[in-house]
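Q: This is the structure, below, for whatever I ask next.
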Amino acid sequence: MSSDPAGTIYDIQGFSVQDGPGIRTTVFLKGCPLRCPWCHSPESRRFDIQLSWQSRRCIGTAVCGLCLVSCPRGAIVPAEGSQSTDTEDGLQLIRVDWDTCDDCGLCAAECPAGALSMWGKRYTVSEVVDRALRDRPFFEKSGGGVTISGGEPLSQAEFTLALLRALKENGLHTALDTTGFAPWAVVEKALPHVDLFLLDLKNMDGRAHNAAVGVPNQPILENARGIAAAGGKMQIRIPVIPRFNDSGGNLRALGKFVAELGEAVTLVQLLPYHALGVPKWERIKHDGPILEATAPSDKKIGELKAILEEYSLTIQVH
Amino acid sequence: MYEFSPVAPRVARVRKRYRDTKPKVCIERFKLVTEFYQNHPTLPPMIKRARNLLNLCERMPVVVHEDEFIVGELTSTYHGSALFPEYAIGWIFDEIRSGELLNRTLDPYDMDQEDIDYVMQFEDFWSKNDLSRLTDDALPPEFHDIVGNGIVTFGDKGTGAGPVGHFCANYDKAIRKGFSAIKREAQEKIDLMKGRLYGEDAQREQFYYAVTIVCDAAITLSKRYAAECRGQAAECGDEGRRAELIEMAEALDWIMQNPARTYHEAVQCLYLYQIVLSLDGNLHGLTFGRVDQYLNSFYESDLAAGRITRERAQEILDLFCLKVAEMNKIWPSFATMAAGGYTSGQLITVGGIKKDGTDATNEVTYMLLECARRLALHDPPMSLRIHEGTPDKLWDIAVETTRACGGVPTFESDKVIIPALLDRGLSLESARNYCLIGCVEPGGCGDDWPANGGPGQETFWRIPGAVLLAINNGENPMPRPDGQPQRQTGLPTGYLYDMKSFDEVLEATKKQIEHFIDWHVSFCSVREYVARHHMPLPVVSATMDGCLESGKDVMYGGAKYNGTGFAGVGIGTATDSLVAIKYMVFDRKLCTAREFYDALMANWEGHETFRQRIMKEIPHYGNDLDYPDEIAEWISKVITEKVRSCTGPRGNHWSAGLYPVATHVAWGKMTWATPDGRRTGEPLSDGISPIQCMDTSGPAATLKSALRIDHRHSANGTLLNMKFHPKALEGGGKDKLIALIKTYFDLDGMELQFNIASSEMLRDAQLHPDAHKDLVVRIAGFSAYFVELHKGLQDDVIRRTELDLA
């Protein structure tokens, strides 16, 4: 390969079973143009490498304290009292002053316990491909492959396109997990190298969409139509968020829209909101409002599923 | 999805009785054996053991409980435990005196005061006559010089207890041939040589004579049960039950003596032979073997003749499995920490291929898995043999079963195990007919004496201990129980701080490994020598292929095939330990050897940041990384090559294995801090699994790492434990799990076992045991009800990396 572009990745997971067919290796790219308050991976939103603080791992300033002296900006200070719920009582933990922290990473380099660490790492395309190829025997047996997810992978367009090309050159099945919020020119370039799009659709009401996640839905819907017209395959994923998009009206509009995409759509997945991502927010610098809501009931999900089924769609609840 | 059949009301009643009954120690066997041993001090052991068994079969209480259809008991009380004083009994006197016996938190038992008083009268007699003491007395003095080495798990007094066990008798022969024919065969051998005993004929004749006695014993017991059923029938007011009791009596009158004629008779014979074996032999890993292969032809012919329905056959098998579950043996209190949950290891193997190479799956295969799943039983444990032609439906029920019943079944690969057994010298037919023994040990089914550790007790060997001795001049850093430092027990290989390169560390490790494997083999040889003299096994030999032909007991090498198993524990911990030294001291030079050594010998006290840095920075085994995996491969190669070069008293080669039952927790407690950052007393890694929670790259990477270990040359078994979050199996997750197992086996992996449970659920079960009474989990070599386990083992299951996935 003449050029080997690099991208910012925050995780690579082997044996990912929820992100497309078969056993998959999922590559999570960092950075997203959307600001969904229910985001279950808040560490994926910023494009730059950022500090993470996990109290559970901290061994306390009495035996360690290396981070306190490592920070040139004084952003790490002893916490008031013990904040740890998982460690023994009486451990003097630290607190990150997020307003002062500039994510320089000096403390994470010093932290021996991995309580302070950096979300995000630069990888070249060939490094990612080498990693994925190690799992090849498992892909073959299960009909799996590689899923590129995020964040929004199409926001790191050059890297993602090069990675998709390289994966296809190696004969691997590719899936692209996307918000759909990207210029059509980028989507069009990705199309020949993507076996399956995992496309999020949230709300057919453009104003509500914009108000909640900070971007309009129009480009997303147009991209969905474009993919369908170009012969691409899609799994549509609908997060069910209380009071944002769980009305019957919205589901009907979604159902109608998806039905019109025709055979391009292989499956529609309902992803009920859950609060499991909330604790992750505590680990990083906040960059937007956080939704803390009750998960929708099975009954509610059943009703929404029934609505979509009126449009002759195959529905799966995750 | 596989559709499970409903549980018959009678089966549900029996299961409830089983789960609601607290086991009780019964002294009937103790009384009869004590009386017999005291009255017959001079009988030669071969005849003594046979006549002791006959005495038991003639005089043990025969008990038929309500609702039972398959019968046989080791005790007079329901769900009781017999005592086996002639093997090892010293611990019970200690526990009675300390009051611990009736106050156990784990595996609690009741025992009547008058029974306690009775047993105590014989402390002096048995403390001089049990096999444990006889083994202690036989150990030459040099063995005491290596006590406390931290690698070989015996060498001290009282550690020779536990045999005989871990084998699979030929149940198929008992069912299809009967003991009358076997006795006749032995008698013919005697007739051929009588009056003309040349050479070793006298010994052979003694053996044949013993076989004739145990055949009588087996037949006698069966007929006594028949009489009991008839007696109950006469007094039974319920017409249906009366007819059933008569049916049972007719079967019991016929079987054992004659070849079984029906499915019911075959199941009853299988169970009653197990009772006879257990009355003789200490109930320790007495493995059932390929039960689906024994029973299916009977099922099919009954079905064809209209004598049985699928429902009735399932009910009989359910009742059989519940009878097995009821059997238990009281262990010393300290052992319950390593293997609690009333487990007795009567492993059943299902599936695989037949002797002719075709798929062996049959209706009984499914029915057995249905027993485990529907009744939530961890006992009998089950192993499923997988091959290329394993039907999808069997995969389906197997995954559904392990989902509900952690570790039941384990998955075993014919592709690796059959060649491994061919390597051991088994014929193609015998290798194809293998079963799993005890926990995960492949062996011949009814033709092989695979005796783990000589007389058939698992003999564990702590790999991390060899690393510690290698860098500490042959001294175990763990102080003796009295607080005094250990003596130097290993080779003087120098100290880490004097070693100039990592190669020197490896060289020292290799020397200690080889040195202590030799000691291990030496100890097992003495144990086997002593055990075979005192505890020959004519009741096993009567059916085992090769014994009647050769005129030798299994303990003397009479079986068609012979082996000795070896069980290495903690390869994950040992690997990461060597990785830590290589990475921190020699490759990255992040510290000096002296600093590393001092911190380790201080159990990391005052060095917490350093310890954390080691755990954070080093590449860990279990993540498909060459750096650690090459070391795992090296360790496994050093061990397997050395073990395979050793020979045992039956002229057999040893075979290597890597599995721990659940001793990785108990022996972690007795192992000093290790270079990977583990603190003194924390658990070791289990089987070939990575260190708990250090496999952070997902299951595919874990399996790729495990594949660096040479499975084909670990003929005594490997064990890889994985835990999945229940969510991972939803949707298409089940198919993906199956694909994962298939890939591992394609790449020459040997064994996999799963817990499908979330950490939240397990923590909740610790807090609210009553709400999770039936939660079965796999620990390492066995499954158990989670709430009946030692907290250390519970925590170990929880701590395992949960593969719950995006």
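The values are calculated or read from the model by the stated rules, or taken from the named source; none is laboratory data. Because the structure is predicted, anything quoted here is derived from the model rather than measured. With ideal geometry, Cβ positions are generated from the backbone for all residues, glycine too; neighbour counts draw on all protein chains shown. Note: areas computed on protein heavy atoms with side chains; ligands, DNA, RNA excluded. Shrake-Rupley method; radii C 1.70, N 1.55, O 1.52, S 1.80 Å.
Q: What average number of partner chain Cβ atoms lie no more than 10 Å from the Cβ of the residues making up A:102-111?
A: What the average comes to for A:102-111 is 1.
Q: Let me ask you something else. Using 0.36 nm per residue of separation minus the Cα-Cα distance, give me the extension gain between B:Thr105 and B:Leu590 in nm, one decimal.
A: Result: 170.0 nm gained on full extension.
Q: Let me ask something additional. Mind checking which of A:Leu91, A:Val63, A:Cys101 is farthest towards the positive end of segment A:51-119's charge dipole, using Cβ charges of +1 (Lys, Arg) and -1 (Asp, Glu) about the Cα centre?
A: Among A:Leu91, A:Val63, A:Cys101, the one farthest towards the positive end of the dipole of segment A:51-119 is A:Val63.
Q: Which entries of B:Lys354/B:Lys704; B:Lys22/B:Lys560; B:Lys637/B:Lys723; B:Lys669/B:Lys742; B:Lys16/B:Lys183 show an alpha-carbon separation above 32 angstrom in the structure shown?
A: B:Lys22/B:Lys560; B:Lys669/B:Lys742; B:Lys16/B:Lys183, as the Cα separations exceed 32 Å there.
Q: So which lysines can B:Lys727 reach, going by Cα to Cα under 18 Å and dropping same-chain residues fewer than 8 places off?
A: The reachable lysines, counting only those whose Cα sits under 18 Å from B:Lys727, are B:Lys736.
Q: Checking a compactness column here: for segment A:51-119, what do you get for Rg(Cα) / (2.2 N^0.38 Å), N being the number of residues?
A: 0.99
Q: With axes computed from alpha carbons, what is the tilt in degrees of helix A:218-229 against the longest principal axis of chain A, rounded to the nearest 10 within 0 to 90?
A: Rounded to the nearest ten degrees, it is 50.
Q: Okay, next question. Report the gain in length on full extension from B:Lys500 to B:Asp518: 0.36 nm times residue separation, minus Cα-Cα distance, nm rounded to one decimal.
A: That works out to 3.7 nm of additional length.
Q: Give me the net charge of B:Glu388's neighbourhood, meaning all other residues with Cβ under 13 Å from the Cβ of B:Glu388; Lys, Arg count +1, Asp, Glu -1.
A: With Lys, Arg at +1 and Asp, Glu at -1, the neighbours total 0.
Q: Another question, then. Would you mind giving the total buried accessible surface between chains A and B, with a 1.4 Å probe and ligands, DNA and RNA left out, rounded to the nearest 100 Å²?
A: When A and B are taken together, about 2400 Å² of accessible area is lost.
Q: Which cross-chain or sequence-distant (5 or more) residues have an amide H under 5 Å from the amide H of B:Ala451, H modelled 1.01 Å from N in plane?
A: Answer set, sorted by chain and number: B:Gly563.
Q: For segment B:678-720 and segment A:172-211, write down the distance between their C-alpha centroids in whole Å.
A: If you average the Cα positions of each part, the centres end up 40 Å apart.
Q: Could you go through segment B:645-656 in sequence order and give the Karplus-derived ³J(HN,Hα) for each residue, using 6.51 cos²θ - 1.76 cosθ + 1.60 with θ = phi - 60°, rounded to whole Hz, and x for Gly and Pro?
A: Along segment B:645-656, the couplings run 7, 7, 10, x, x, 9, x, 8, 7, 6, 10, 7 Hz.
Q: If amide hydrogens are placed 1.01 Å from N in the peptide plane, which non-local residues have theirs closer than 5 Å to the one on B:Met722?
A: Distant-sequence amide H within range of B:Met722: B:Gln753, B:Phe754, B:Asn755.
Q: Could you tell me how many cubic angstrom of Cα convex hull volume chain B has per residue?
A: 156 Å³
Q: Of the listed peptides B:260-267, A:147-154, what is their order by residue-averaged count of other C-beta atoms within 10 Å, with the highest listed first?
A: Highest-to-lowest ranking by the protection proxy: A:147-154, B:260-267.
Q: Any chance you could check the Cα centroid distance between segment B:190-258 and segment B:472-526 for me, in angstrom?
A: Measuring centre to centre over Cα atoms gives 53 Å.
Q: How far is helix B:363-375 tilted off the main Cα axis of chain B, in degrees rounded to 10, range 0 to 90?
A: Once rounded, one gets 70 degrees.
Q: Sticking with this structure for a sec: Mind giving me the nanometre distance, one decimal, between the label points for A:His274 and B:Asp112, set 7 Å out from Cα along Cα→Cβ?
A: Spacing of the two 7 Å Cα→Cβ label points: 5.4 nm.
Q: On average, how many beta carbons from a partner chain sit within 10 Å of the beta carbon of a residue in A:134-147?
A: Mean shielding by partner chains, rounded to a whole number: 5.
Q: Now a separate question. Please report the antiparallel percentage of DSSP beta bridges with both residues in the protein assembly as shown, rounded to the nearest 5.
A: 35 percent
Q: May I ask you to give the percent of accessible area on the protein assembly as shown that is carbon plus sulfur, with a probe radius of 1.4 Å?
A: Of the solvent-accessible surface of the protein assembly as shown, carbon and sulfur hold 50 percent.
Q: So how far apart, in nm, are the two label points at B:Asp20 and A:Glu303 if each is 7 Å from Cα heading toward Cβ?
A: Between B:Asp20 and A:Glu303, the simple spin-label model gives 4.3 nm.
Q: Follow-up question, since we're still on this one. May I ask you to give the solvent-accessible area per residue for segment A:51-119, in square angstrom, as obtained with a 1.4 angstrom probe?
A: On a per-residue basis, segment A:51-119 sits at 50 Å².
Q: Follow-up. To the nearest 0.05, what FRET efficiency results for B:His40 and B:Lys177 with a Förster distance of 35 Å applied to their C-beta separation?
A: So the FRET efficiency works out to roughly 0.70.
Q: P(r) for chain A, please, calculated from all Cα pair distances in 10 Å bins and given in %.
A: Percent of pairs per bin, in order: 6, 24, 30, 24, 13, 3, 0.
Q: Report, in deg cm²/dmol and to the nearest 500, the calculated mean residue ellipticity at 222 nm for chain B, where each DSSP H run with n ≥ 4 adds -39500 (n - 2.57) and the sum is divided by the residue count.
A: -14500 deg cm²/dmol
Q: For A:Val186 and A:Asp48, compute 0.36 nm times the residue count separating them, minus their Cα-Cα distance, and round to one decimal in nm.
A: That works out to 47.6 nm of additional length.
Q: Applying 1/(1 + (r/R0)^6) with R0 = 45 Å to the Cβ-Cβ distance of A:Asp97 and B:Ala771, what FRET efficiency is obtained, to the nearest 0.05?
A: 0.55
Q: Scan around A:Ile76 for amide H atoms under 5 Å from its own, H built in the peptide plane at 1.01 Å from N, and keep only partners 5 or more places away or cross-chain.
A: Counting only residues 5 or more places away or on other chains, the set is A:Asp97.
Q: Would you mind putting B:766-778, B:21-33 in packing order, based on average other-beta-carbon counts within 10 Å, highest first?
A: In descending order of packing, they fall as B:21-33, B:766-778.
Q: Pop the C-beta distance of B:Glu605 and B:Asp626 into the FRET formula with R0 = 30 Å and round what comes out to the nearest 0.05.
A: 0.35
Q: Ignore the peptide's own chain and count Cβ atoms of other chains within 10 Å of each Cβ in A:6-15; give me the average, rounded.
A: Mean partner shielding for this stretch: 4.
Q: Right, something else. Put a dot 7 Å past each Cα toward the Cβ at B:Ser550 and A:Ala229; how far apart are the dots in nm?
A: 8.1 nm
Q: How large is ³J(HN,Hα), in whole Hz, for each residue of segment B:185-195 in order, when computed from phi with the Karplus curve 6.51 cos²θ - 1.76 cosθ + 1.60 and θ = phi - 60°, using x for Gly and Pro?
A: Once rounded to whole Hz, the list reads 4, 5, 5, 4, 4, 5, 4, 5, 10, 5, x.
Q: Something else about it: Please report Rg over Rh for the protein assembly as shown, where both radii come from the alpha carbon positions and Rh follows the Kirkwood definition.
A: Dividing the radius of gyration by the Kirkwood radius yields 1.00.
Q: Return the calculated 222 nm mean residue ellipticity for chain A, to the nearest 500 deg cm²/dmol, obtained by summing -39500 (n - 2.57) across DSSP H runs with n ≥ 4 and dividing by the residue count.
A: Result for chain A: -8500 deg cm²/dmol, rounded to the nearest 500.
Q: In addition: At a 10 angstrom cut-off on C-beta neighbours, averaged per residue, how do the peptides B:510-522, B:274-286, B:475-487 rank from highest to lowest?
A: B:274-286, B:510-522, B:475-487
Q: Here is a follow-up. Per residue of segment A:185-201, in order, report the coupling 6.51 cos²θ - 1.76 cosθ + 1.60 (Karplus, θ = phi - 60°) as ³J(HN,Hα) in whole Hz, putting x for Gly and Pro.
A: 4, 6, 4, 4, 5, 6, 2, x, 10, 10, 6, 8, 8, 9, 10, 7, 10
Q: Find which of B:Pro45, B:Met584, B:Tyr18 sits farthest along the positive direction of the dipole of the protein assembly as shown, computed with +1 on the beta-carbon of Lys and Arg, -1 on that of Asp and Glu, about the Cα centre.
A: B:Met584
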